[in-house]
Amino acid sequence: MYVALRPTQHTIDIVAALRGKWHGAYALCHCPAHDDRKPSLSIRQGHKGILVHCFAGCEPQDVLREIARPPAGGRPNVQTSGTYAAQSRGNPRRLWESGVPVSGTLGAKYLTGRHLPVDLPDIRFHPRCPLGPKPRTRYLPALLIALREGLELKAVQRIFLDADTARYSVKMLLGRPGRATWRAGGSARTLALAEGFEDAAAFTKLTRIPCWAALGAERLPRLRLPDDLDHLILAPDYDRAGRFAARKAKAVYRRPGLTIETHYPRPFKDWAAINERLVERDWPTTKASGRLSFLSHTSDS
């Protein structure tokens, strides 16, 4: 039986700074990890601190990092109003246009380290990408991922990279994604949907089926799909959130003439992980027969 914990004063202060509103044992707040005009962050008291869940898809560690980062004044970093939100809405296109091709950059090193192609569509690299609102803005190397609805750029995911190791340190979304996606392999009558950018790229690499990235399990049922789609493959993470999102997406996208199936990267958590393991084992993923065998072993049906 779940027993709600009484919030500590520290938790109450965080909720107040995030302009949150309490609903019994939890509060709904403006998420500091993305441009959040409508509260999408749930906060409740845990045994060892606050428990957070962003319904827009931000990773809990990214939300907690933003909350914990102190500004010059020493208070918790919870600024999400006015200047910060307007800056987030105005920056995606300008940031995207200031990016450079990925080949030969730290971004290429990151992709190679994840066993993903360097020539993926709609990605760029920024050597000094801004992170955080003024006056605490830092400038770090980042891989830029374009999210589009139709042809319109709606948002940019920034994958900030360590300058020495090329491993990512944090992922942040800039803009308002709406129903937008990142698209690996373009559009086709058969299409897959995955959660993360790396997962979508890995799925397309493994199967040669175009796969779009929702950027978050919660966004999987909220995307704009092609009208002429015949076959939809849901490829969420193999966890509780992924299974819930897949069931909801299947109900949302169901229509006459559209076949929907679900594949999980079992026994791994996500498609990027299974891709890395298969590369290590030199698994033959490029043959059609191998592709069909691969999908049959990951089917939910």
Original post:
Taking ALA72 and the conditions (1) modelled with pLDDT of 85 or more; (2) loosely packed, with under 11 Cβ neighbours inside 10 Å, which numbered condition does it fall short on, given that it satisfies the others?
Top reply: (1)
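Output the residues belonging to region 23-38 that are touching a Gly at 6+ places or on another chain (Cβ under 7 Å) and assigned to a loop (DSSP other than H, G, I, E, B).
Listed by number, the list holds a single entry, ASP35.
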Original post:
Does region 220-230 contain any residue that is surrounded by 24 or more Cβ atoms within 10 Å (Cβ to Cβ), more than 18 Å from GLU59 (Cα to Cα) and at pLDDT 90 or above?
Top reply: no
**OP:** For ALA192, state whether it is in a helix (DSSP H, G or I) and either touching a residue at least 24 places away in the same chain (Cβ under 8 Å) or not aliphatic (A, V, I, L, M) (or both).
**Re:** no
Subject >> Test for ALA163: is it surrounded by fewer than 17 Cβ atoms within 10 Å (Cβ to Cβ) and more than 22 Å from PHE203 (Cα to Cα) >> reply: yes
Original post:
Which of the following residues is more than 15 Å from ALA272 (Cβ to Cβ), touching a Pro at 6+ places or on another chain (Cβ under 6 Å) and not in a loop (DSSP other than H, G, I, E, B): LEU234, LEU174?
Top reply: LEU174
Original post:
So LYS171 fits all but one of (1) surrounded by fewer than 17 Cβ atoms within 10 Å (Cβ to Cβ); (2) in contact (Cβ under 8 Å) with a residue 60 or more places away in the chain; what number is the exception?
Top reply: (1)
Original post:
Which one of these is free of Cβ contacts under 8 Å to residues at least 40 places away in the same chain and either in the same structural domain as LEU278 (by TED's automatic domain parsing) or surrounded by 23 or more Cβ atoms within 10 Å (Cβ to Cβ) (or both): ARG254, ARG208?
Top reply: ARG254
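The values are calculated or read from the model by the stated rules, or taken from the named source; none is laboratory data. Quick caveat, the model's predicted, so the values are computed rather than measured. Positions of Cβ are generated from backbone atoms using ideal geometry, with glycine treated the same way; all protein chains shown enter the neighbour counts.
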